[in-house]
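Take a look at the structure below.
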Amino acid sequence: MSVLVTGGAGYIGSHTVVELLNNNMEVIMIDDFSNSKPQVLENIKKITGKDFKFYEIDYSNRKELEKVFKENPDIDGVINFAGFKAVGESVQKPIDYYINNVSGALVLLDTMKKYNVKKFVFSSSATVYGEENEIPYVETMKTGGTTNPYGTTKLFIEQILKDIYKSDNSWDIAILRYFNPIGSHESGLIGEEPQGIPNNLMPYIVRVACGKLKELSIFGNDYPTKDGTGVRDYIHVVDLAKGHVKAIEKLNKERSGLYIYNLGTGIGYSVLDIVNTFEKVTNQKVPYKIVERREGDIAEFYANAEKAKNELGWIAEKSLEDMCRDSWNYIVKNLT
Ligand code: UD1
């Protein structure tokens, strides 16, 4: 199978490309390096011992995208990782987010239609469940009530995909709702590198542990959770990447349908669970202080991961210890 991967040099994209190549799929990658580095390409080749085609283009540039489809008539399906993903930035720059994420996805889908490529895997997020659902989140729950433009772009694209499928059921679409991806490939060659000061928990923790940041601020310890800190479903990025392989394989084998899957472990860990496990596994200290709750945060959420298990034969296999060890390994090899 030949798969076009947009945003393939990014955090989740690069790990997915590794798993696609490990499963003997042919990969054509697009990235504009707006949030990634060219070195990632070499590192993917080092990990897998395999090669792939690469185009340095913006996925929303119709003319350049068409060239990719013209030059690669064997593309069977597309996995779309291209898109901006910083929640805080999306509040400051909503137009940029709607243009890049939503208009970009439309250009991609329209070009796919033109070249009759109709298998599409989309990186969505648990953020589409909004703030009002009961946990654990199940795919059939209502979506909406997103609290920032980033989340709303995910919601809009999900709706666009549902409308496309309704209009033409020869499309095969998998919407993957990620929970909280952390960790990195065990080689330490690829990983997460947010620009500036990180907003997400694990990127912040590793920078405190290596001395680049002074201390972690824990956003609230008065939530109705086991220790008062926020609870999330952290998933190892390699497990997440493997979920994409299962999804695109399903679209290639069976037709047709629009499928929605949660990709999470089904287990909730608190901020303190993460800090304590990280300290135990890495032998590093993570100084922290408790501060006010962060606006827009909710107390607790995790996935019901049964549907992906039953229909894709996929489960997250790596433990929280693995996630902490591999997050730290990447930092030791790259940032310290
Ligand atoms: C956030 C986004 C979500 C996005 C996801 C990507 C918000 C409100 N939500 O989810 O839309 O899909 O990232 O992974 O930004 N925490 C601290 N101190 C920190 C950072 C985080 O205590 O410095 C806590 C948070 O309060 C939360 C937990 O750690 O309880 C996880 O936070 P984070 O990694 O930012 O992920 P989410 O908020 O779940």
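The values are calculated or read from the model by the stated rules, or taken from the named source; none is laboratory data. Here the structure is a predicted model, which is why all the values come from computation and not from measurement. For neighbour counting, all protein chains shown are included, and Cβ atoms are generated from backbone atoms with ideal geometry for every residue, glycine included. We work out accessible area using only protein heavy atoms, side chains counted, and drop any ligands, DNA or RNA first. Shrake-Rupley method; radii C 1.70, N 1.55, O 1.52, S 1.80 Å.
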Discussion item. Could you list, ordered by first residue, the pairs with Cβ atoms under 6 Å in which the first is in region 225-239 and aliphatic (A, V, I, L, M) and the second is more than 11 Å from the ligand (Cβ to nearest atom) and open to solvent by 10 Å² or more (accessible area, probe 1.4 Å), at least 6 apart or interchain?
Written reply: Ile235/Thr265; Ile235/Ala316
Worksheet entry | Hits in region 146-201 - residues which are of a type in the set (Gly, Ala, Ser), in a loop (DSSP other than H, G, I, E, B) and open to solvent by 20 Å² or more (accessible area, probe 1.4 Å) | Ser170, Ser187, Gly196
Worksheet item: Among (1) more than 18 Å from Val3 (Cα to Cα); (2) among the basic types (Lys, Arg); (3) touching a helix residue (DSSP H, G or I) at 6+ places or on another chain (Cβ under 8 Å), which single condition is Lys50 missing?
Response: (1)
Practice prompt. Give me a count of the residues in region 146-191 that are of a type in the set (Ser, Thr, Tyr) and more than 12 Å from the ligand (Cβ to nearest atom).
Written response: 5
Discussion item. Of the residues Val286, Val238, only one is modelled with pLDDT of 95 or more, assigned to a helix (DSSP H, G or I) and open to solvent by less than 20 Å² (accessible area, probe 1.4 Å); which?
Written reply: Val238
Item to complete: Specify which of the listed residues (Lys37, Lys67, Lys53, Lys93) is out of contact with any Gly (no Cβ under 8 Å at 6 or more places or on another chain) and within 28 Å of Glu254 (Cα to Cα).
Response: Lys53
Worksheet item: In region 253-267, which residues are outside any helix (DSSP H, G or I) and surrounded by fewer than 23 Cβ atoms within 10 Å (Cβ to Cβ)?
Response: Glu254, Arg255, Ser256, Gly257, Leu258, Tyr259, Ile260, Gly266, Ile267
Response to the item:
How many residues of region 103-127 are open to solvent by less than 50 Å² (accessible area, probe 1.4 Å) and either away from the ligand (no atom under 16 Å from the Cβ) or in contact with a strand residue (DSSP E or B) (Cβ under 8 Å, 6 or more places away or on another chain) (or both)? The answer is 17
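Per-residue answers, yes or no, for (1) open to solvent by 70 Å² or more (accessible area, probe 1.4 Å); (2) in contact (Cβ under 8 Å) with a residue 12 or more places away in the chain; (3) closer than 15 Å to Ala105 by Cα:
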| site | (1), (2), (3) |
| --- | --- |
| Ser2 | no, yes, no |
| Val5 | no, yes, yes |
| Tyr11 | no, yes, no |
| Tyr55 | no, yes, no |
| Arg62 | yes, yes, yes |
| Val78 | no, yes, yes |
Item to complete: Identify the residue in region 33-48 that is of a type in the set (Ser, Thr, Tyr) and closer than 19 Å to Phe81 by Cα and, among all such residues, is surrounded by the most Cβ atoms within 10 Å (Cβ to Cβ).
Response: Ser36
